[in-house]
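Asks: Here's a structure for you.
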Amino acid sequence: MEMKFAGRILDMSRCHVMGVLNVTPDSFSDGGRYNQLDAALFKARQMVVDGAAFIDVGGESTRPGAAKVSIQEELDRVCPVVEALVRELDVIVSIDTSTPEVMSQSAELGVGLINDVRALQREGALDASARAAIPVCIMHIQGEPETMQDHPEYRNVLREVSEFLTGRIRVAEKAGIEAHNIILDPGFGFGKTLEHNLRLLASLEQLQVVGHPMLVGMSRKSMLGHITGREVDERLPASLAAATISAMKGASIIRVHDVRETVDAVKIATAVKEAV
Ligand code: 8Y4
């Protein structure tokens, strides 16, 4: 199954790695040897060398308690970086945003994927994504990022995530988004307890919707901290285990902070899958 991201064709029956590039004001405040743009480009370049197929550029923190970012502020942060990455690097640039204006401007700059953790639920997002006419990742979230971890509750987490995603596919198609451009994501950590996250990972195959590749992101997340007792900067081994399991269970894209290590883990999983 092939998918086209701004001119680049990828076989989605295989597993690819997406590197995380945060462009929030404090993400590059180390040293002052580079300006923000140089630092972002340097980090992205290394992720491409390390084997990333995607770079996911995000200018708004979804952490509960994070400060709200205005549309103009998000545009100012993200657009120069997107423009530089598209021009300079041999990689698919993904835009991590829920803001319609950012979706539209990024698409004009040549981004290959819209990654929306709010599943195109913001006013104007469905329309902006449809007009962009590039692939979009629709992620499950319960509630809003600010409050989603207050008391996550499901009667049947698998069924509810599955029904949310199929419902959003239907809404997206009605808005003019082509079915072949829709990627799905169970949204690990987005309005879920450890138990919910583990149930979703254990049954990842059952969440697959025919014709729609799956993206997953568990890198360094607190679910891994809860199991291992490790702080965020010591979660690489746990993140690699989670990536390996996801790849074995059919994920097409794995969103991570540690590209080099994850590419190796995915290579092992892919080799085993293809040996059957
Ligand atoms: C430590 C490190 C603690 C990272 C928390 C986090 C996903 C996503 C995020 C995901 C898709 C994050 C933008 C949250 N997670 N997009 N974005 N899927 N599609 N938290 O799972 O990395 S940000």
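The values are calculated or read from the model by the stated rules, or taken from the named source; none is laboratory data. Just so it is clear, the structure is predicted and the values come from calculations on it, not from any experiment. Using ideal geometry, Cβ is built from the backbone for each residue, glycine included, and neighbour counts are taken over all protein chains shown. When the accessible area is computed, the model is the full protein with side chains, heavy atoms only, and any ligands, DNA or RNA have been set aside. Shrake-Rupley method; radii C 1.70, N 1.55, O 1.52, S 1.80 Å.
Asks: So what is the calculated 222 nm ellipticity per residue for the chain, using -39500 (n - 2.57) for each DSSP H run with n of 4 or more, over all residues, to the nearest 500 deg cm²/dmol? Before the final figure, lay out the partial values.
Replies: Details: 10 runs with 118 residues, N = 276.
The per-residue figure over the chain is -13000 deg cm²/dmol.
Asks: So for each of 67-73, 87-93 I average, over its residues, the number of other beta carbons within 10 Å; can you give me the resulting order with the highest mean first? Can you show the working numbers first?
Replies: Details: 67-73: 11.4, 87-93: 17.3.
Taking the mean over residues of other Cβ atoms within 10 Å, the ranking is 87-93, 67-73.
Asks: Report ³J(HN,Hα) in whole Hz for each residue of the stretch 177-191, in order, from the Karplus equation J = 6.51 cos²θ - 1.76 cosθ + 1.60 where θ = phi - 60°; Gly and Pro get x.
Replies: Once θ is set to phi - 60°, the couplings for the stretch 177-191 become 7, 6, 4, 5, 9, 9, 9, 10, 8, x, x, 4, x, 9, x Hz.
Asks: Something else: Positive end of the charge dipole of the chain (Lys, Arg +1 and Asp, Glu -1 on Cβ, about the Cα centre): tell me which of 182, 162, 24 has its Cα farthest that way.
Replies: Final value for the positive-end residue is 162.
Asks: Starting from the amide H of residue 17, placed 1.01 Å from N in the peptide plane, find each other amide H under 5 Å away whose residue is 5 or more places distant or on another chain.
Replies: Here the answer is 53, 54, 254, since their amide H atoms fall under 5 Å of that of residue 17.
Asks: Sticking with this structure for a sec: Would you mind listing how long the chain runs along its three principal axes, going by Cα atoms, in whole Å with the largest first?
Replies: 45, 42, 40
Asks: On the accessible surface of the stretch 204-276, probed at 1.4 Å, how many percent belong to carbon and sulfur atoms?
Replies: Numbers: 2030 of 3680 Å².
With neighbouring chains kept in place, the figure for the stretch 204-276 is 55 percent.
Asks: Please list, in chain and number order, the residues 5+ apart from residue 119 or on another chain whose amide H is under 5 Å from its amide H, with Hs placed from the backbone.
Replies: Amide H neighbours of residue 119: 139.
Asks: Output the relative contact order of the chain, whole-number percent, from Cα pairs under 8 angstrom with separation of 6+ residues.
Replies: Values: 512 pairs, mean separation 53.6, N = 276.
Reported relative contact order: 19 percent.
Asks: With the cut-off at 31 Å, tell me which of the pairs 68/267; 4/267; 4/68; 174/221 have Cα atoms farther apart than that. Let's see the in-between values first.
Replies: On the way: 68/267 38 Å; 4/267 22 Å; 4/68 33 Å; 174/221 34 Å.
Exceeds cut-off: 68/267; 4/68; 174/221.
Asks: Tell me the relative contact order for the stretch 111-151 as a rounded percent, counting alpha carbon contacts under 8 Å between residues six or more apart.
Replies: Values: 38 pairs, mean separation 19.6, N = 41.
Averaging sequence separation for qualifying contacts and normalising by length gives 48 percent for the stretch 111-151.
Asks: Run the reach check for residue 249 against aspartates and glutamates, Cα to Cα strictly under 14 Å, same-chain hits fewer than 8 apart removed. What comes back?
Replies: Candidates past the 8-residue exclusion: 185, 205, 274.
Asks: Kindly report the accessible area of the chain per residue (heavy atoms of protein chains, probe 1.4 Å, no ligands, DNA or RNA), in Å².
Replies: Details: 13210 Å² over 276 residues.
Roughly 48 Å² per residue, with all protein chains present.
Asks: Determine ³J(HN,Hα), in whole Hz, for all residues of the stretch 164-174 in sequence, where each value follows from phi through the Karplus function 6.51 cos²θ - 1.76 cosθ + 1.60 and θ = phi - 60°; x replaces Gly and Pro.
Replies: Karplus-based 3J(HN,Hα) across the stretch 164-174 equals 4, 5, 5, x, 5, 4, 4, 5, 5, 4, 4 Hz.
Asks: Can you compute 3J(HN,Hα) from phi for each residue in the stretch 140-149, using the Karplus curve 6.51 cos²θ - 1.76 cosθ + 1.60 with θ = phi - 60°, rounded to whole Hz and x for Gly and Pro?
Replies: Couplings: 6, 9, 9, x, 10, x, 4, 10, 4, 9 Hz.
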